[in-house]
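The values are calculated or read from the model by the stated rules, or taken from the named source; none is laboratory data. Note that the coordinates shown come from a computational prediction; the quantities given were computed from them, not determined experimentally. So basically every Cβ, Gly included, is an ideal-geometry build from the backbone, and we count neighbours across all protein chains shown.
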Amino acid sequence: MTSPLRLTLDGAALAANWRWYAARSGSAACGAAVKADGYGLGARAVLDRLAAAGCRDFFVSSWDEAAALGPLPAPLSLSVLHGLREADLPVALALPVRPVLNTPGMVARWKAAAPGRPCDVMVDTGMNRLGLSPSEARSEILSGVRVATLMSHLACADVPDDPMNRRQANLFRALSGLVRADRYSLANSAGICLGAAYRFDLTRPGLGLYGGVPGPGAVALPVARLSAEVLQVRPVSAGDTVGYGATFVARAPMRVAILNIGYADGYARALSGVGAVLIDGKRRPLLGRVSMDLIAVDVTGTRVGEGDWLTLDPDLAAASAASGVSQYELLTGLGQRFARNWV
Ligand SMILES: *Cc1c(COP(=O)(O)O)cnc(C)c1O
């Protein structure tokens, strides 16, 4: 079977993006978040390529994701960010993977089930998402626990001037002197860009590896390129409309190509009027609304015909800014109908 839509994935760009974050991590080790199936690109394929580039520390959200990756060969390390529910114990004890303990209950569960075995611990420094409170982290509940990585997560790292960044880093710095761990880790992609005070021993980029731009000053090579086959090219007269809701009205005669991709493939409906294909390096705008399985683009004055393949504009940051859909959602929403091809 040949799919009428493709996801072309650039392994060299992925590795180059990781090296960019590794260089900005200074002497800290640079890991990689591969949760949500490697942000939609395929966790296994991403992990193998990043390991080959030198990455050692990987992070997923759930034990399902860890189990799907299987035991990783040393010296690779995998941590499960969402911690350890009672139901997770069998798989957690069977895999060489560390839970990131987030609550006193999780700590007690791990102490009882795997005494002495290393784990990671998340401490909440102000985001009020997952993690022990600072006072819980300093208390006796962690006594006897071998903490491989003590980590925290930044709430506003994509806004460099937000005073919350410094508050969180200062609190985490203080905790690092009070809670014993082999390593300390604070920064995601955007956090790495905030500078040396955020690096600690280990960084955890995600978005930036996959071609996203987490904030000012970051650069990324596009990793995922979508292309779709033209199913039909039709002439449209002045005054005709295109697509659901008849939202696009042609002002002049034009040629319109209908492509096999839509919001069910993760090509967000919010990209209506925003997205574009690239033809000979030129942006050609989408016309009208994104359908579930189809989009229409203006191919007036080109030789594009039925059966041709067109590539969608891969600029994630621009698509996000224009559509209001976060770069994270644009990536993780990518559907299952693509033929995936690493180059
Ligand atoms: C997802 C996640 C990351 C990676 O964040 P990016 O913004 O994608 O770089 C790092 N740490 C934790 C705890 C996460 O949940």
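Among residues of segment 1-28 that are more than 18 Å from Asp265 (Cα to Cα), those with a Cβ under 7 angstrom from a residue that is of a type in the set (Ser, Thr, Tyr) and part of a helix (DSSP H, G or I), sequence gap 6+ or separate chain, pair up as Tyr21/Ser189.
Got at least one residue in segment 239-250 being part of a strand (DSSP E or B), closer than 23 Å to Gly42 by Cβ and of a type in the set (Phe, Trp, Tyr)? Show your work before the answer.
Pass one, segment 239-250, residues part of a strand (DSSP E or B): 241-242, 248-249.
Add one more test, that the residue is closer than 23 Å to Gly42 by Cβ, and what stays is none.
Taking every residue of segment 239-250 in turn, none turns out to be part of a strand (DSSP E or B), closer than 23 Å to Gly42 by Cβ and of a type in the set (Phe, Trp, Tyr).
Across segment 115-129, not a single residue is classified as among the hydrophobic types (A, V, I, L, M, F, W, C), out of contact with any strand residue (DSSP E or B) (no Cβ under 8 Å at 6 or more places or on another chain) and more than 16 Å from the ligand (Cβ to nearest atom).
Would it be correct to say that Pro73 is at negative phi, surrounded by fewer than 17 Cβ atoms within 10 Å (Cβ to Cβ), at pLDDT 95 or above and not polar (S, T, N, Q)? Don't jump to the end; show me each part of the working.
On the way: at negative phi: yes; surrounded by fewer than 17 Cβ atoms within 10 Å (Cβ to Cβ): yes; at pLDDT 95 or above: no; not polar (S, T, N, Q): yes.
The answer is no for Pro73.
Just give me the residues in segment 257-294 being in contact (Cβ under 8 Å) with a residue 40 or more places away in the chain and of a type in the set (Gly, Ala, Ser), in sequence order.
Within segment 257-294, Ala257, Ala264, Gly266, Ala268, Ala270, Gly275, Gly288, Ser291 qualify.
Out of segment 251-275, which residues are within 16 Å of Asp308 (Cα to Cα) and assigned to a strand (DSSP E or B)?
Residues of segment 251-275 that are within 16 Å of Asp308 (Cα to Cα), as a first pass: 255-261.
Those that are within 16 Å of Asp308 (Cα to Cα) and assigned to a strand (DSSP E or B): Arg255, Val256, Ala257, Ile258, Leu259.
Residues in segment 172-183 that are in contact with a strand residue (DSSP E or B) (Cβ under 9 Å, 6 or more places away or on another chain), of a type in the set (A, V, I, L, M, F, W, C) and either at positive phi or assigned to a helix (DSSP H, G or I) (or both): Phe172, Leu175. Considering segment 41-66 alone, what residues qualify as being among the charged types (D, E, K, R), part of a helix (DSSP H, G or I) and within 15 Å of the ligand (Cβ to nearest atom)? Hit for segment 41-66 is Glu65, nothing else.
For segment 105-143, enumerate the residues that are in a helix (DSSP H, G or I), of a type outside the set (Lys, Arg) and closer than 19 Å to Gly177 by Cα. Step through it out loud before you land on a result.
Residues of segment 105-143 in a helix (DSSP H, G or I): 105-113, 134-138, 140-142.
Keeping just the survivors that are of a type outside the set (Lys, Arg) gives 105-108, 110, 112-113, 134-137, 140-142.
Across segment 105-143, the qualifying residues are Pro134, Ser135, Glu136, Ala137, Glu140, Ile141, Leu142.
Of all residues in segment 22-36, those satisfying the criterion of being within 13 Å of the ligand (Cβ to nearest atom) and assigned to a helix (DSSP H, G or I) are Arg24, Lys35, Ala36. Taking the criterion of being away from the ligand (no atom under 16 Å from the Cβ) and in a loop (DSSP other than H, G, I, E, B), the residues of segment 80-104 that qualify are Arg85, Leu95, Pro96. Applying a threshold of 8 Å to beta carbon distances and a minimum spacing of six or more residues, or different chains, the list of pairs starting in segment 237-254 at a residue that is closer than 18 Å to Gly301 by Cα and modelled with pLDDT of 95 or more and ending at one that is charged (D, E, K, R) and loosely packed, with under 10 Cβ neighbours inside 10 Å reads Ala238/Arg251.
Hey, can you tell me all the residues within segment 195-212 that are within 15 Å of the ligand (Cβ to nearest atom) and over 30 Å from Ile258 (Cα atoms)? Full working, then the answer.
Let us first name the residues in segment 195-212 that are within 15 Å of the ligand (Cβ to nearest atom), namely 198-212.
Within segment 195-212, Tyr198, Arg199, Phe200, Asp201, Leu202, Thr203, Arg204, Pro205, Gly206, Leu207, Gly208, Leu209 qualify.
On the stretch given as segment 226-264, residues that are within 16 Å of Ala339 (Cα to Cα) and surrounded by fewer than 17 Cβ atoms within 10 Å (Cβ to Cβ) total 1. The numbered conditions (1) more than 15 Å from Arg98 (Cα to Cα); (2) without any contact (Cβ under 8 Å) to a residue 60 or more places away in the chain; (3) hydrophobic (A, V, I, L, M, F, W, C); (4) within 13 Å of the ligand (Cβ to nearest atom) are all true for Ile192 except (2).
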